[in-house]
Amino acid sequence: MNVSSPERPYAIACDRNRDPILAILRECLPAKGRVLEIGSGTGQHAAYFSNAFPHLEWLPSDLPQNLEGISLWRQEAGPNCLAPAGLDLLSDALQLPPADAIVCINTLHIVAWQGTHRLFTAAGKTLSPGQAIYLYGPYRYADRPLEPSNEQFDQWLKERDPASGIRNFEDLSRIAQEQGFALETDLPMPANNRSLIFRRAP
Ligand SMILES: C[S@@+](CC[C@H](N)C(=O)[O-])C[C@H]1O[C@@H](n2cnc3c(N)ncnc32)[C@H](O)[C@@H]1O
């Protein structure tokens, strides 16, 4: 899966982060049911994780323009990888498809901040008590400076799109809490990223 056919989208970061992420997902995903992946990007993670979790249905999603590329990766995915769904976190009428867990990797710093609000609001309606949202990416913490590599990344993001940017962990946690999610895990990951798990409170 490290070699992509010419027409298939490919991001080297997915090959680098998939195993550290997999180790955390093994701890937090349910034994059965459907995982909704938001911002699936190339589709590489969907292919890899669907193979790693044959007992789960894996539903990739992204903006409509990315669905064709994600579909190409389904050739490498398990039969439990569903056709990708169009999903725009900035949609006024955001409704998530039924799911038992949500995975969102390296996406909340790309989408305008309102997307994070909408994600947690919609997830609060879709997930049941005890079910989890897994987030992966860089975050800014009030009690320590952003790592130099993430400071540069944040500047690069904002030059590209002023609505993008590394999110404040405390703001994210507050929004999650307002929608009934409690922080369960906050773990350091390679390249100054974090794994955050928010679980819907009973
Ligand atoms: C940096 S990429 C991460 C992709 C993939 N999760 C990964 O780790 O390689 C950010 C993703 O967010 C998606 N995205 C951007 N705006 C979005 C929106 N409004 N709603 C949902 N996804 C969005 C992009 O299409 C892209 O796939």
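The values are calculated or read from the model by the stated rules, or taken from the named source; none is laboratory data. These numbers were taken from a predicted model, which means no experiment stands behind them. Cβ placement follows ideal geometry from the backbone for every residue including glycine, while neighbour counts extend to all protein chains displayed. Surface accessibility is based on the protein's heavy atoms, side chains included, excluding ligands, DNA and RNA. Shrake-Rupley method; radii C 1.70, N 1.55, O 1.52, S 1.80 Å.
Details
- All positions within the stretch 166-202 that are of a type in the set (Gly, Ala, Ser), over 16 Å from Cys104 (Cα atoms) and either open to solvent by 70 Å² or more (accessible area, probe 1.4 Å) or modelled with pLDDT of 95 or more (or both): Gly180, Ala182, Ala191
- Top-ranked residue of the stretch 99-154 - restricted to ones that are assigned to a strand (DSSP E or B) and hydroxyl-bearing (Ser, Thr, Tyr), ranked as farthest from the ligand (Cβ to nearest atom): Tyr139
- Scanning the stretch 83-95 for residues that are touching a Leu at 6+ places or on another chain (Cβ under 6 Å) and within 13 Å of Ala123 (Cα to Cα) yields a count of 1.
- Those residues of the stretch 95-123 which are more than 21 Å from Asp161 (Cβ to Cβ) and among the aliphatic types (A, V, I, L, M), in sequence order: Leu96, Ala99, Ala101, Ile102, Val103, Ala122, Ala123
- Scan of the stretch 106-135 for residues that are open to solvent by 10 Å² or more (accessible area, probe 1.4 Å) and of a type in the set (Val, Ile, Thr), ordered by number: Thr107, Ile110, Val111, Thr121, Thr126
- Contact map, the stretch 118-140: residues that are within 14 Å of Pro98 (Cα to Cα) paired with residues that are part of a helix (DSSP H, G or I), Cβ distance under 6 Å, separation 6+ or inter-chain. Pairs shown: Ala132/Cys28; Ile133/Ala123.
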